[in-house]
Amino acid sequence: MSDKSTEAEEISAEELSRTLVDITDRSQELVKSFLDQQQQAKVIDMDDALHMSGLFQQLNTRLLANPMQLAQAQMAFWQDYLQLVNNAALRFWGHQQDPVISPDAGDKRFKHEAWEENPLFDFIKQSYLLAADYIHSTVNNVEGLDDKTARKISFHTRQFVDALSPTNFVATNPAVLEKTLETKGHNLLKGLKNLLNDLSETDGRLNIRMTDTEAFEVGKNLAMSPGKVVYQNDLIQLIQYEPATEKVYKRPLLFIPPWINKYYILDLQPKNSLIKYMVEQGHTVFTISWKNPTREYADKGFDDYMLEGPLAALDAVEQATGERDVNAVGYCLGGTLMGTTLAYMAAKGDDRVKSITFFTAMLDFTRPGELELFIDEEQLATLERRMDEKGYLEGTSMASTMSSLRANDLVWSFFINNYLKGDDPFPFDLLYWNQDCTNMPAKMHSFYLRNMYQENKLKDPGSLVIRDTPIDLGKVEVPSCFISAAEDHIAPWKTCYRGVHLLGGQSKFILGGSGHIAGVINPPAKNKYGFWTNSRNPKDPDAWLDGASHTDGSWWPEWNKWLVRRAGAKVDPRVPGDGKLKPIEDAPGSYVKEKASR
């Protein structure tokens, strides 16, 4: 053997030794942290376990109540499985066979060529898909369960089935085996190190990194649009952006983003910044940047978010520009807050908001998507006990819940990449933002979940009361534009569409492509997804879609045309600091840089 080869092996052995020592030291520390944490959380964990156990006890009871249906399903499964075994045997002898079952077109797990070309991996893949299909069909077709319980069981079953995918295990993932052979197993050691790094950042609770967290910094290569913080209170900083045109529309534009995430989803990078785009269209743009709350904010309620959020921002915009009237935009929870705020303002005779745009926002929570599955009295009580201990809900907890709704894309794909392949996550601005979490005050979050999701009070006139003021969306008579996304699993578009018929003014509905985030952050330059519009708003959302016309590309220009008609004449541009409010600090401000508790 050459000296060069010997030297390489010695270096490799030295690296391996260092890695193993590092892993051992980290593991000892993490085991202690994990055990301490489990001791503190054992009551809540037991509540979760009992809740899950109760669901599947109901499923088992209903399955046994109809043994004939269960036997028929089992017989159909075994017939398909025997056909698969027969096909696999023929393939091993060189005879090509049509698959018994194939992955869905959008299933990214089985893209490696070995899943098709290698008879063994093809057999593993189809065996898993058959078993998954059998389990899902059995669970989804059981009779005697109420609708919500059935959907809960179906959701948790999907989580279980997704976790058992052969792609999630070294021995049954051809891409991982290929990488293991290429690196002589170093990928697995690197993956273990990645796992320990992720665990160490969250005291033993696994939070899989989705992107390279060192690749981005807010204010450096994210949230870069020039502007100033011109106002702040306990809950918000208000950012006014520098003008980019020789003239601007008279009526300012105010964004109210959700407080569940940070505002800079609207201002990621220049190439995909909605804020930059609207500034360049001649609007004087303001946005709220929410505080990342700590224990001291435990008693901040939904009404505080209204008074110290949009209402305080409206006062500040008038001081900064001299303009009383504004156009407003509410995104997700920010839209729900703005619907409530506008009804409150209508009751008080306050007409400063002249138009409202809702981005993927629900005003009627009749069918609010899969998040509803986490909200019943039993689970809310458990969540409230947890929040009472700290005074807030940790941002990482909500982020994990959101990721679980699309586990294959937002959990298992990164599990495979980071821990099995041993690769570093790819730098991606949107995923960095997704993991830059925010906490939520206990009082506010409990009110929101109970009054909106659980009791659905906002849609019923007078049912919701804020500061002794009955809330009636029908009294909101300003023009509104609803923008939703066809594949949104957090705020389903058909549920968002219900809001069109709750408000008193004229409404426009735009349906974009993709999901909750990508469907909104869809700049014209990318020419992606397309959108649907319809001049009529029938009660039935399916009827709306049947009569809608499709346009290629981004909906941003379509929305801007609608907004311009409500933006007033052109005036000289307003520079932050020219009005009665003097700049506090440069955008993006300090609130957005605060990190959530983990």
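Please determine whether any residue of region 323-333 is within 18 Å of TYR263 (Cα to Cα), of a type in the set (Ser, Thr, Tyr), modelled with pLDDT of 95 or more and open to solvent by less than 10 Å² (accessible area, probe 1.4 Å). For region 323-333, residues within 18 Å of TYR263 (Cα to Cα), of a type in the set (Ser, Thr, Tyr), modelled with pLDDT of 95 or more and open to solvent by less than 10 Å² (accessible area, probe 1.4 Å): present.
Based on this model, can you work out whether GLU201 counts as within 27 Å of ASP423 (Cα to Cα) and open to solvent by 10 Å² or more (accessible area, probe 1.4 Å)? Outline the logic, then answer.
Values: within 27 Å of ASP423 (Cα to Cα): yes; open to solvent by 10 Å² or more (accessible area, probe 1.4 Å): yes.
Yes, satisfied.
State which residue is farthest from LYS276 (Cα to Cα) when the search covers only region 510-548 and only residues that are among the polar types (S, T, N, Q) and open to solvent by less than 80 Å² (accessible area, probe 1.4 Å). Explain how you work it out, then say what you get.
Within region 510-548, the first condition is being among the polar types (S, T, N, Q), and the residues that meet it are 514, 522, 527, 533-535, 537.
Filter once more, keeping what is open to solvent by less than 80 Å² (accessible area, probe 1.4 Å): 514, 522, 533-534, 537.
Working: SER514: 22, ASN522: 13, THR533: 25, ASN534: 28, ASN537: 31 Å.
Residue satisfying both the conditions and the ranking: ASN537.
Of all residue pairs spaced 6 or more apart or on separate chains, those with beta-carbon atoms under 9 Å, a first member in region 386-404 that is more than 18 Å from ILE375 (Cβ to Cβ) and open to solvent by 40 Å² or more (accessible area, probe 1.4 Å) and a second member that is among the aliphatic types (A, V, I, L, M) and not in a helix (DSSP H, G or I) are LYS390/ALA298. Within region 419-475, restricting attention to residues that are at positive phi and at pLDDT 95 or above, the residue that is least open to solvent (accessible area, probe 1.4 Å) is ASN456. Of the residues making up region 159-182, those that are open to solvent by 40 Å² or more (accessible area, probe 1.4 Å) and either touching a His at 6+ places or on another chain (Cβ under 7 Å) or not in a loop (DSSP other than H, G, I, E, B) (or both) are GLN159, PHE160, VAL170, ALA171, LEU177, GLU178, LYS179, LEU181, GLU182. The set of residues in region 221-236 that are part of a loop (DSSP other than H, G, I, E, B) and under 12 Å from ASP429 (Cβ atoms) comprises ASN221, ALA223, MET224. Taken over region 252-293, the residue count meeting the criterion of being assigned to a strand (DSSP E or B), in contact (Cβ under 8 Å) with a residue 60 or more places away in the chain and open to solvent by less than 10 Å² (accessible area, probe 1.4 Å) is 5. Taking (1) surrounded by fewer than 24 Cβ atoms within 10 Å (Cβ to Cβ); (2) of a type in the set (Ser, Thr, Tyr); (3) part of a helix (DSSP H, G or I) in turn, THR341 satisfies each apart from (1).
The values are calculated or read from the model by the stated rules, or taken from the named source; none is laboratory data. Note that this is a predicted model, so its numbers are computed, not measured. No Cβ is skipped: glycine too gets one built from the backbone with ideal geometry, and neighbour counts run over all protein chains shown. Each accessible area value is taken on the protein alone, full model and side chains, heavy atoms only, with ligands, DNA and RNA left out. Shrake-Rupley method; radii C 1.70, N 1.55, O 1.52, S 1.80 Å.
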